[in-house]
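Enquirer: To start, I am sharing the structure in question, which I have written as structure tokens.
The values are calculated or read from the model by the stated rules, or taken from the named source; none is laboratory data. Note that the structure is predicted; figures quoted are calculated from it, not measured. Note: ideal-geometry Cβ built from the backbone for every residue, glycine included; neighbour counts use all protein chains shown. For accessibility, only protein heavy atoms count, side chains too; no ligands or nucleic acids. Shrake-Rupley method; radii C 1.70, N 1.55, O 1.52, S 1.80 Å.
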Amino acid sequence: MSAAVRRSGRPSGPSDTRVRILDSARELFSTKGFEQTSMRAVAAAAGVDAALISHYFGSKRGLFLEVVALPVDPEVVLAPLVEAPVEELGATLLRQIATTWDSSAGPAAVAAFRTVMAGGEEAMLREFLLGIVLAPLRERLRGTVDDLDLRLSLVATQVAGLLVVRKVVQVEPLASLPVEDVVRMVGPTVQRYLTGDLRS
């Protein structure tokens, strides 16, 4: 049966085009990563003009956020990391993330995380954590510490683990702890991963 018959004779519309773009972007982000995926490549895979992607999503970052269905922009949430003292990066990161999880946007963020995990899109989650969420830390610490990739992957274990235990599985008493208590208890570990001696 032809596509025209299946669609009852309706031509492809904006919603179909948008879905094609998102599907193509999801595939490319999962296989090539955020940095190596260009808007032009997504456009070619979706069979559209690159300008149309900008029209719908604004930028590659906007496209990625739409693919993972996040209700907030991590760049906005993590903006304080740009100015925070290096010795407070761990606490600042946790405070911003945990506060977002506890906000009105939290349930949608957790739902997006569940969806990505349930869909077997581990590569997409990895790109999100390392390429988007932890990108400000990479910029702040580039050239100042050894083994930056290892350090960021260790931080990712804390962020993802805290999300799962606090918001997905909801293990008490951690699930109900105030944000500042979480920051006080977990922040030093994240800071050691970022700037401390990993051999001790």
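Enquirer: Identify, by number, the condition in (1) without any contact (Cβ under 8 Å) to a residue 60 or more places away in the chain; (2) part of a helix (DSSP H, G or I) that GLN36 doesn't meet.
Expert: Evaluating GLN36 over (1) without any contact (Cβ under 8 Å) to a residue 60 or more places away in the chain; (2) part of a helix (DSSP H, G or I) leaves (2) as the failure.
Enquirer: Also, I was wondering about something else. Return the residues of region 127-142 that are assigned to a loop (DSSP other than H, G, I, E, B) and open to solvent by 80 Å² or more (accessible area, probe 1.4 Å); say none if nothing qualifies.
Expert: Within region 127-142, ARG142 is the sole residue that qualifies.
Enquirer: Could you please find all residues in region 154-169 being open to solvent by 20 Å² or more (accessible area, probe 1.4 Å), modelled with pLDDT under 90 and aliphatic (A, V, I, L, M)?
Expert: ALA160, VAL164, VAL168, VAL169
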